[in-house]
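Have a look at the structure below before the remarks.
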Amino acid sequence: MSASALRYCPREDRNGELRERICALAHRHRRDGVGMIYLKLRQEGRLVNDKRVERLYCQQQLQVRRRKRKKVPVGERAPLLRPTKANQVWSMFDQCQQ
């Protein structure tokens, strides 16, 4: 075993408290993403980097679920009226050509 491995002392986790606070905010405000969580931390007076917040947010797998798009029902479609005689229907293209 090398001397450096023998003397190795692991550092304490600097992100533990911040990670817990991010989880608490994410569970309280479920529709807020990384940007809003970052702003809420800044409003609390914590000076944290946005990239650090994003990294911890992704490590905790706290992702906002995407909402399904609401399908707009299409009303009854009426068939187009057929002209009964000549020159009854004019289009804008024909009027521009004259």
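The values are calculated or read from the model by the stated rules, or taken from the named source; none is laboratory data. Remember, it's a predicted structure, so these values are computed and weren't measured experimentally. As a convention, Cβ positions derive from the backbone with ideal geometry for all residues, glycine included, and neighbour counts pool all protein chains shown.
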(request) Please work out which residue is surrounded by the most Cβ atoms within 10 Å (Cβ to Cβ), limiting yourself to the stretch 1-25 and to residues that are under 17 Å from Lys51 (Cβ atoms) and touching a helix residue (DSSP H, G or I) at 6+ places or on another chain (Cβ under 8 Å). (result) Ile22
(request) Hey, can you tell me all the residues within the stretch 1-52 that are basic (Lys, Arg) and outside any helix (DSSP H, G or I)? (result) Arg11, Arg14, Arg30, Arg31, Arg46
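In the stretch 1-23, what residues are farther than 23 Å from Arg67 by Cβ and either of a type in the set (Ser, Thr, Tyr) or within 22 Å of the chain's Cα centre (by Cα) (or both)? Steps first, please.
So in the stretch 1-23, the residues farther than 23 Å from Arg67 by Cβ come out as 1-21.
Of everything in the stretch 1-23, those that are farther than 23 Å from Arg67 by Cβ and either of a type in the set (Ser, Thr, Tyr) or within 22 Å of the chain's Cα centre (by Cα) (or both) turn out to be Ser2, Ser4, Tyr8, Leu18, Arg19, Glu20, Arg21.
Restricting attention to the stretch 33-53, which residues are surrounded by fewer than 16 Cβ atoms within 10 Å (Cβ to Cβ) and under 14 Å from the mean Cα position of the chain (by Cα)? Steps first, answer last, please.
Narrowing the stretch 33-53 to residues surrounded by fewer than 16 Cβ atoms within 10 Å (Cβ to Cβ): 33, 35-36, 39, 42-47, 49-52.
Answer for the stretch 33-53, where residues must be surrounded by fewer than 16 Cβ atoms within 10 Å (Cβ to Cβ) and under 14 Å from the mean Cα position of the chain (by Cα): Gly33, Gly35, Met36.
Among residues belonging to the stretch 38-49 that are free of Cβ contacts under 8 Å to residues at least 24 places away in the same chain and hydrophobic (A, V, I, L, M, F, W, C), point out the one that is nearest to Leu25 (Cα to Cα). Before the answer, list the steps.
Of the stretch 38-49, the ones free of Cβ contacts under 8 Å to residues at least 24 places away in the same chain are 38-45, 47, 49.
After this cut, where a residue has to be hydrophobic (A, V, I, L, M, F, W, C) as well, the list is 39, 41, 47.
Numbers: Leu39: 11, Leu41: 9, Leu47: 16 Å.
For the stretch 38-49, the residue satisfying everything is Leu41.
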(request) Could you grab me the full set of residues in the stretch 62-92 that are at pLDDT 85 or above and either outside any loop (DSSP other than H, G, I, E, B) or within 12 Å of Ile22 (Cβ to Cβ) (or both)? (result) Leu62
